[in-house]
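The values are calculated or read from the model by the stated rules, or taken from the named source; none is laboratory data. The structure presented is a predicted model; accordingly, all values stated were derived computationally and were not measured. Cβ coordinates were reconstructed from backbone atoms using ideal geometry, including for glycine residues, and neighbour counts include every protein chain displayed. Just the protein is used for accessible areas: all its heavy atoms, side chains included, with ligands, DNA and RNA removed. Shrake-Rupley method; radii C 1.70, N 1.55, O 1.52, S 1.80 Å.
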There are 2 protein chains.
Amino acid sequence: MAEPKKSKQEDYHLLDEQVERDVADLFKAFSNPTRIKILFALKHRKLTVSEISEMLSMSQSAISHQLHELKLARLVKFEKQGRKVIYELDDDHIHDIFDLAIEHVKELYHYD
Amino acid sequence: MAEPKKSKQEDYHLLDEQVERDVADLFKAFSNPTRIKILFALKHRKLTVSEISEMLSMSQSAISHQLHELKLARLVKFEKQGRKVIYELDDDHIHDIFDLAIEHVKELYHYD
DNA sequence: TGAATATATGAAGAATTTTTCATATATTAA
DNA sequence: TTAATATATGAAAAATTCTTCATATATTCA
């Protein structure tokens, strides 16, 4: 507080830069094949760490690390059930962004 | 052609895997701060390589390399005007995905 | 409490990605 | 044709990201 007052234009500029950084982080979180596979899997249903680990044939540790990234980016949330941790997609936006991306590549490459 | 016929379920599975790979590629193309800055800039208007290079204070070569990636992912298209090459976002989906991402982070972090 | 199970995490090595540097290609202008 | 300008590109160096390995933490069960 008590900061020198900025012009509206300057404010917008800073705001844009912040949005830009956050969008960059969002897409970075989306950007690795393992994380995409995890998100695809979670699009169908909630899963525990070990279930994901088995589905992707990857070590528990590798999956945990990636889930950590996804948590930081708020792409997934979780609840604990006993010693299990059940992950799911965080919110509808994630579904929406994903659906739009799927729609895009389907139009782009029109498979089959 | 003349491939062994697959069950529908198997087909869907392969299709999903292809979609998954393509979505992964799409997000990977979106995933680096420099590329995000380029795309943000192109969201406003078409730009030449050197304009982008100046705007981001990055070398012409670095920008060219990143534009190359963006071209491969079909996120940008270009037209030549003399010795200049003018880049723009490839299609509406790119705008849409971007807008959704912006909306998402704005809701998530509600700035100001 | 001790053993078993599920997940998390720090650090190091492996792998991938990005930038730089040098130089090539293409276009225009003199 | 030569010089100047804009962009592209291959290879190496720099930076970042991902996985593994070892181990820690947390929970349940006997």
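Number of residues in the stretch A:38-52 that are open to solvent by 20 Å² or more (accessible area, probe 1.4 Å) and within 25 Å of A:Asp96 (Cα to Cα): the value is 7. Could you list all residues from the stretch B:93-109 that are more than 7 Å from chain A (Cβ to nearest Cβ), under 13 Å from A:His93 (Cα atoms) and under 11 Å from the mean Cα position of the chain (by Cα)? Selection gives B:Phe98 alone.
When B:Met58 is tested against (1) within 14 Å of DNA strand D (Cβ to nearest atom); (2) assigned to a loop (DSSP other than H, G, I, E, B); (3) within 13 Å of chain A (Cβ to nearest Cβ); (4) not polar (S, T, N, Q), exactly one condition is not met: (3). Do we find that B:Asp90 is without any contact (Cβ under 8 Å) to a residue 12 or more places away in the chain and within 12 Å of another protein chain (Cβ to nearest Cβ) in this structure? Considered against the rule, which asks whether it is without any contact (Cβ under 8 Å) to a residue 12 or more places away in the chain and within 12 Å of another protein chain (Cβ to nearest Cβ), B:Asp90 comes out as no. Taking first residues from the stretch B:43-70 that are free of Cβ contacts under 8 Å to residues at least 40 places away in the same chain and partners that are open to solvent by 70 Å² or more (accessible area, probe 1.4 Å), the Cβ contacts under 7 Å between residues at least 6 apart in sequence or on separate chains come to B:Thr48/B:Lys84; B:Val49/B:Gln60; B:Ser50/B:Gln60; B:Ser53/B:Gln60; B:Leu56/B:Lys37. Report yes if A:Asp112 is within 12 Å of chain B (Cβ to nearest Cβ), over 12 Å from the mean Cα position of the chain (by Cα) and not in a helix (DSSP H, G or I), otherwise no. Yes: the conditions hold for A:Asp112. The set of residues in the stretch A:67-109 that are part of a loop (DSSP other than H, G, I, E, B) and within 19 Å of A:Phe30 (Cα to Cα) comprises A:Ala73, A:Arg74, A:Leu75, A:Asp90, A:Asp91. From the list A:Phe40, A:Phe30, A:Phe98, exactly one residue is touching an Asp or Glu at 6+ places or on another chain (Cβ under 8 Å) and either at pLDDT 90 or above or within 21 Å of B:Val23 (Cα to Cα) (or both). Which is it? Just one listed residue meets the conditions, A:Phe40. Listed conditions (1) open to solvent by less than 40 Å² (accessible area, probe 1.4 Å); (2) more than 7 Å from chain A (Cβ to nearest Cβ); (3) in a helix (DSSP H, G or I) are all met by B:Ser64, apart from (1). Here the condition is being under 16 Å from the mean Cα position of the chain (by Cα) and open to solvent by 20 Å² or more (accessible area, probe 1.4 Å); of A:Lys71, A:Lys84, A:Lys80, it holds for A:Lys71 alone.
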